[in-house]
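> The structure under discussion is supplied below as structure tokens; questions concerning it will follow.
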Amino acid sequence: MRRRGTVVAVLGTAQTLSWASSYYLPAVLAGPMAHDLGVGAPTIYAAFSGALAGAAVVGPWAGRAIDRGRPVLAVTNLVFAAALLLLGLAPTPAAMVAAWLLMGLAMGSGLYEAAFATLVRLYRHESRNPITGITLIAGFASTVGWPLSAWMETRFGWRGACFGWAALHLLLGLPLNLWLARSAPAQPALPAAPAGPPAAPPVDAAAPPAPTGLFVLLAFVFAATMFVSTAMAAHLPALLQAAGASLAAAVAAGALVGPAQ
């Protein structure tokens, strides 16, 4: 139990870093980024939307790689760091878009979906509680990410903030996920198959129809929920500032989203 708690703490910390440095990044840096690159803020958010689309494309590949025992989460720390470095170095809007698309590859293989798949591979039917623990810890990503991004942007500029997040992926996230890959618990052996030829299935047995409608409904619910949560994550501090709040007040109020979850 203690070992499982350590895994939850390690993976939850790594997930907090990954969410704070990607999903919650535009809320604070989109304005300075747009001003420096000479484009409108909608261009930055369009690039972020492209990253989300790229994440959806890479997701199935990441799941298959995790099923085969590949250290996908550790690799994504390198991809996150590379994307953030490219973003901080971007001299043109086109380079900025390319950096966000690379970020999408990291998001599709390094956020909750990949973390949950990793926990299921490690703990199988006993993964429910660890998954809950991960969401409780990483639910504070905005609480950590928005103030830290704002502080780094104020002190070092938006490019310096990107470099700071990239350094955290290399110095914190990568060691945590490498530890997780090295200390994965051994999988229990599957029960041995009985001797002799396999029994024939009953002649009247019929496979249940695939619940296509259920999956369509589930996909719609997930999409609608993520539409709202992504909009909040990307725009809440700016909306509060537009209503008259200072940057510090907007970030402080927005950071309450984490505890509220």
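The values are calculated or read from the model by the stated rules, or taken from the named source; none is laboratory data. Remember, it's a predicted structure, so these values are computed and weren't measured experimentally. Virtual Cβ from ideal backbone geometry, glycine too; neighbours counted across all protein chains shown. The area values use the complete protein model at the heavy-atom level, side chains included, leaving out ligands, DNA and RNA. Shrake-Rupley method; radii C 1.70, N 1.55, O 1.52, S 1.80 Å.
> Once you have the Cα-Cα distance between residue 64 and residue 232, take 0.36 nm times their residue separation minus that, and quote the gain in nm to one decimal.
Details: separation 168, 0.36 × 168 = 60.48 nm, distance 3.07 nm.
Result: 57.4 nm gained on full extension.
> While we're looking at this one, here's another question. Tell me the label-point distance for the pair residue 124, residue 95, using the 7 Å Cα-to-Cβ offset, in nm and rounded to one decimal.
5.1
> Next up: Please work out the FRET efficiency for the pair residue 46 and residue 3, using the Cβ-Cβ distance as r and a Förster radius of 30 Å; give the result to the nearest 0.05.
On the way: r = 44 Å, r/R0 = 1.47.
Here the calculated transfer efficiency is 0.10.
> In addition: Round to the nearest 0.05 the FRET efficiency obtained for residue 112 and residue 178 when R0 = 22 Å and r is the Cβ-Cβ distance.
Approximately 0.65, to the nearest 0.05.
> Before anything else, pin down the relative contact order of region 1-116: Cα pairs under 8 Å, at least 6 apart, normalised by residue count, whole percent. Intermediate results must be reported in sequence, preceding the final value.
Values: 115 pairs, mean separation 41.4, N = 116.
About 36 percent, as a whole number.
> Using a 10 angstrom cutoff on alpha carbons, build the Gaussian network for the chain and name the most mobile of 146, 179, 19.
179
> By per-residue mean of other Cβ atoms within 10 Å, what is the highest-first order of 228-241, 162-175?
162-175, 228-241
> With viscosity set to 0.890 mPa s at 25 °C, what whole-number translational diffusion coefficient in µm²/s follows for the chain from Stokes-Einstein and a Kirkwood radius over Cα pairs?
On the way: Rh = 19.9 Å.
This corresponds to a translational diffusion coefficient of 123 µm²/s.
> A further question on this structure: For the pair residue 239 and residue 216, what calculated FRET efficiency results from E = 1/(1 + (r/R0)^6), where r is the Cβ-Cβ distance and R0 = 25 Å, to the nearest 0.05?
E(calc), rounded to 0.05, equals 0.20.
> For region 2-100, would you read off the P(r) tail past 24 Å as a percentage of all alpha carbon pairs?
31
> Please compute the net charge surrounding residue 72, taking Lys and Arg as +1 and Asp and Glu as -1 over other residues with Cβ under 11 Å from its Cβ.
Values: positive: 64, 68, 70, 121; negative: 67, 113.
Its environment carries a net charge of +2.
> Using a 1.4 Å probe on the protein heavy atoms only, what accessible surface does residue 52 show? Give it in Å² to the nearest 10.
60
> Further, regarding this structure: Simple spin-label model, 7 Å along Cα-to-Cβ: residue 167 to residue 56 in nm?
So the label points at residue 167 and residue 56 sit 3.7 nm apart.
> While we're here: Roughly how much of residue 21 is accessible, in Å² to the nearest 10, using a 1.4 Å probe?
Accessible area, nearest 10 Å²: 0 Å².
> Tell me the net charge near residue 32. Cut-off is 13 Å between Cβ atoms, residue 32 excluded, with +1 for each Lys or Arg and -1 for each Asp or Glu.
0
> Just in region 22-130: which trypsin sites (Lys or Arg not before Pro) are loop by DSSP and have at most 15 other Cβ atoms within 10 Å?
Hits after loop and neighbour filter: 68.
> Could you tell me which helices of the chain pass both thresholds, a Cα extent of 30 Å or more along their own axis and a mean Kyte-Doolittle hydropathy of at least 1.6, with helices taken as whole DSSP H runs?
Numbers: long enough: 41-67 (39 Å, 0.88); 212-242 (44 Å, 1.72).
Long hydrophobic helices here: 212-242.
> Shifting gears a bit: Taking the solvent-accessible surface of protein heavy atoms with a 1.4 Å probe, what is the per residue accessible area of the chain in Å²?
On the way: 13840 Å² over 261 residues.
Result: 53 Å² per residue.
> Calculate how large, on average over all directions, the projected area of the Cα convex hull of region 98-144 is; give the answer in nm² to one decimal.
3.7
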